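Here's the structure we're looking at; comments come further down.
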Amino acid sequence: MQLNLYIFNQLFRTCMALITVLISIIWLFQSIRLLEFVVDKGASVGEFFTMSVASMPLWLMITVPISGFIAVNWVFSRILADRELTVMQAVGLSPFQLAKAPIALGLVLSAFLTINSVYILPSSFQTYKDLQFKLRHSIPTVLLREGVFIEIVDGLTMFIGKRGDNDVLQDIFIHDTRTTDRMITMTAESGKFVDRDGVPTLILQNGERSEGDNEGQTGAVLLFESYSLSITQKNDQPTKRQTVDMNEDSIRNLLSPELATTSKYFLQRHAEAHYRMASPWLGIALTMLSAALILKGQIRRDLWSKRIIVNVSACVLVIICVVISRGWTSNQAALWPLIYLSIITPIGFASWHLISPKTPALGMQT
């Protein structure tokens, strides 16, 4: 019991350290890509941080199983270097007894990944996509400069004479050609950007609005005390997201044909649902497979590198099989059992390898 607890502590600490390193690297590259919203859209630090963190549960589905696999190889390699593994085998401990700690680690990782896949990922990714949509359709007020004509969006040019306190704009001129058959010109004493249901809106005060055709003929002229102008690429642009990303939808919804717009899209959602249910078990699959290939037979230090090569190759093969089976399911719904089979097979192989009687194995002394 003490031995298993000792190995588990080593495995858990190493795995957490690896997850932290991998997530930090991914977060760095993700943050560089998200800097577009800070530079071009004037996003706040809080919004930038929220987006970068909200996408992390998606990357955890990849980094956690790989971290568990690396942790098992790292810890047992260190134990072998300290001759602890040799002593454990010498006193008669079976591969299954030595593998209890990696199996326990795999179960912990799979339990976390299941919660992440079913609950955390849909919620966090919805937050990410909502904020992404809001920022992509927001107005970069930081780019508005006094005395300069700025095309805020295609077909909408704006000029401000002065920028006051609390981002209040003064002496405003707007030329709007977003509608193909007319031109709109507006002037106002002051105005301010606000957010209305995710749509950037400019509230103008005390101004004039004139409308004309493409030939320059002026039509109606309107004097107003207050006027709201939605700032979008087109006047008929949707104010809310029209589609839901698969990563933010629940597994039940992904399996529902009624919620898919096309038959091909349903196949993709169907494959994603089964992948979301099966992929958490990669945590136990990779750790068990790694432990089985390491612990089976008598371990020799001079052949340890060969075991590692076989181990890494087996891990890569399992991941490739999962990816390929998911791709096949995206084209043929009836192939969904292959996703589960690609994960159950290494678990069954590892279980048989750990429990079966001693047989010659890679690195066994003859």
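The values are calculated or read from the model by the stated rules, or taken from the named source; none is laboratory data. Please read these numbers as outputs of a predicted model, since none were measured by experiment. Glycine also receives a Cβ, built like all others from the backbone with ideal geometry; neighbour counts cover every protein chain displayed.
Here are the numbers for the structure shown:
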quantity: Every residue from the range 35-51 that is modelled with pLDDT of 75 or more and either acidic (Asp, Glu) or buried (at least 19 other Cβ atoms within 10 Å of the Cβ) (or both); calculated: Glu47, Met51
quantity: Candidate set: the range 118-137, residues that are within 12 Å of Met56 (Cβ to Cβ) and among the hydrophobic types (A, V, I, L, M, F, W, C); chosen: the one surrounded by the fewest Cβ atoms within 10 Å (Cβ to Cβ); calculated: Ile120
quantity: Test result for Val64, of a type in the set (A, V, I, L, M, F, W, C), assigned to a helix (DSSP H, G or I), in contact with a Leu (Cβ under 9 Å, 6 or more places away or on another chain) and at negative phi; calculated: yes
quantity: Flag for Ile203 being at pLDDT 85 or above, aliphatic (A, V, I, L, M) and closer than 17 Å to Leu156 by Cβ; calculated: yes
quantity: Candidates Ile324, Ile284 - the one that is surrounded by fewer than 17 Cβ atoms within 10 Å (Cβ to Cβ), in a helix (DSSP H, G or I), of a type in the set (A, V, I, L, M) and modelled with pLDDT of 90 or more; calculated: Ile324
quantity: Single condition Phe49 does not satisfy, out of (1) farther than 22 Å from Lys296 by Cβ; (2) in contact (Cβ under 8 Å) with a residue 12 or more places away in the chain; calculated: (2)
quantity: Qualifying residue in the range 71-84 (condition: under 19 Å from Leu18 (Cα atoms), surrounded by fewer than 18 Cβ atoms within 10 Å (Cβ to Cβ), at pLDDT 90 or above and of a type outside the set (Gly, Ala, Ser)); calculated: yes
quantity: Candidate set: the range 252-270, residues that are small (Gly, Ala, Ser) and out of contact with any Phe, Trp or Tyr (no Cβ under 7 Å at 6 or more places or on another chain); chosen: the one modelled with the lowest pLDDT; calculated: Ser263
quantity: Filter pass, Ala278 being closer than 18 Å to Lys100 by Cα and not hydroxyl-bearing (Ser, Thr, Tyr); calculated: no
quantity: In the range 331-366, the residues that are modelled with pLDDT under 90 and crowded, with 16+ Cβ neighbours inside 10 Å; calculated: His353, Leu354, Ala361, Leu362, Gly363
quantity: Yes/no for Leu107 being assigned by TED's automatic domain parsing to the domain that holds Leu11, modelled with pLDDT under 85 and of a type in the set (A, V, I, L, M); calculated: no
quantity: Subset of the range 156-168 [over 38 Å from the mean Cα position of the chain (by Cα) and not β-branched (Val, Ile, Thr)]; calculated: Phe159, Gly161, Lys162, Arg163, Gly164, Asp165
quantity: From Thr187, Thr232, residue being β-branched (Val, Ile, Thr), surrounded by 15 or more Cβ atoms within 10 Å (Cβ to Cβ) and modelled with pLDDT of 80 or more; calculated: Thr187
